[in-house]
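The values are calculated or read from the model by the stated rules, or taken from the named source; none is laboratory data. The structure presented is a predicted model; accordingly, all values stated were derived computationally and were not measured. We place every Cβ from the backbone using ideal geometry, glycine too, and count neighbours over all the protein chains shown. For accessibility, only protein heavy atoms count, side chains too; no ligands or nucleic acids. Shrake-Rupley method; radii C 1.70, N 1.55, O 1.52, S 1.80 Å.
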Amino acid sequence: MTTLTGSATPRRHGMTEQAADAAVDQACRMLRLPTIRQQFGEITESATREQMSYRAYLAELLLAECDDRARRRSERRIRAAGFPRDKSLRAFDFDANPNVDPATINTLASCEWVKKGQPLCLIGDSGTGKSHLLIAMGTEAAMHGYRVKYILATKLVNELVEAADEKQLSKTIARYGRVDLLCLDELGYMALDRRGAELLFQVLTEREEKNSVAIASNEPFSGWGKTFTEPRLCAAIVDRLTFGGQIIETGSDSYRLARTARDRAAAPAAEATVSDADAPADESADQPELELQS
């Protein structure tokens, strides 16, 4: 009977640096450590210069792999959310949107409300930044490790109607119920018939006090009767989307429209400046005055 003692793989003494690099590369491929494989040389040189201990050197390698994996996971969650464009809180112009309190937004960026399953309502006219904030908040949640799904309200209702017709409604509602944050954009732009409103209500009920819903709407709650035409159903939906949540009103002044107006006003001035620069100089100013002969 053979007894195994120590390591099953003998230690390799006298390995050249070239052989060691090849062994590290092969091991990283086998163990699926792409970041260590790519950054091994750079981290090794840095460790040599800084005279790191073996433990510190190993920690640098492993932390580099962990950080890169966390970054890739965040990128996958952001892609899976289905955002139509990239928006960040850093890019939000608070000076152009004085109705939005930066301190409130910074507090929401911690995503504690997502952890607690609370709703968020962004209410304001077109061009006031509510969709920007909705996408940016969803992006922050994805970066914090939450599963996020972005969808237009009308698209979700159409998907639910199709699922109901195909006897797949329960499966579809469960799929939207599992994500940690559901971002509903453009709620209130179009009226929903009773069936569509009831199906949307089922999704909201599935998520109630369990997972968060964030919505962006151009209509104040008092005007939601135009979207949800059945009064009791409208009241129930408003209750689901506001209970224990945060309501942010982005105002009625479109900063996009204001910026467009500024750009148009600046364009003629810029063209005039260019035209003046390109115009020939007044040659008469450089000519000597002619004396009049009597």
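A 1.4 Å probe, protein heavy atoms only, puts the accessible area of THR139 near 20 Å². Normalised by residue count, the range 187-258 yields a Cα convex hull volume of 96 Å³ per residue. Here is the P(r) of the range 56-98: all C-alpha pair distances, binned every 5 Å from 0, give 5, 17, 14, 14, 14, 13, 11, 8, 4, 2 in whole percents. Only protein heavy atoms count here; under a 1.4 Å probe, SER222 has an accessible surface of about 110 Å².
Ordering SER217, SER53 by accessible area with a probe of 1.4 Å, largest first, what comes out?
From most exposed to least exposed: SER53, SER217.
Percent of Cα-Cα pairs more than 13 Å apart in the range 13-65, please.
Within the range 13-65, distances greater than 13 Å cover 61 percent of Cα pairs.
Fully extending the segment from ARG232 to ARG195, taken as 0.36 nm per residue of separation minus the present Cα-Cα distance, adds 11.9 nm. Under the simplified labelling scheme, the SER252-ARG55 pair shows an inter-label distance of 6.6 nm, with each label point 7 Å from Cα along Cα→Cβ. Computed in the context of the full set of protein chains, the accessible area of the range 147-220 at 1.4 Å probe radius has 47% of its extent on carbon or sulfur.
Extension gain THR104-LYS210, at 0.36 nm per residue separation less the Cα-Cα distance, in nm?
Residue separation times 0.36 nm, minus the Cα-Cα distance, leaves 35.9 nm.
Two numbers describe the Cα atoms of the range 70-192: Rg and Dmax, which are 15.3, 49 Å.
What translational diffusion coefficient, in µm²/s and rounded to a whole number, does the Stokes-Einstein relation yield for the range 120-225 at 25 °C and a viscosity of 0.890 mPa s, taking the hydrodynamic radius as the Kirkwood radius over Cα pairs?
173 µm²/s
Available extension along the chain between ALA70 and ASP93 is 5.4 nm, counting 0.36 nm per residue and deducting the alpha carbon span. For TYR146, neighbours were defined as the other residues whose beta-carbon sits under 10 Å from its Cβ, and their charges (Lys and Arg +1, Asp and Glu -1) total +1. Ranked by solvent-accessible area (1.4 Å probe, protein heavy atoms only, all chains present), the residues GLU162, GLU65 order from largest to smallest as GLU162, GLU65. Ordering THR104, THR35, HIS132 by Cα displacement along the dipole of the range 1-147 toward the positive end leaves THR35 in first place; charges were set at the Cβ atoms of Lys, Arg (+1) and Asp, Glu (-1). The modelled label-to-label distance for the pair ALA22/VAL161, using points 7 Å beyond Cα in the direction of Cβ, is 6.6 nm.
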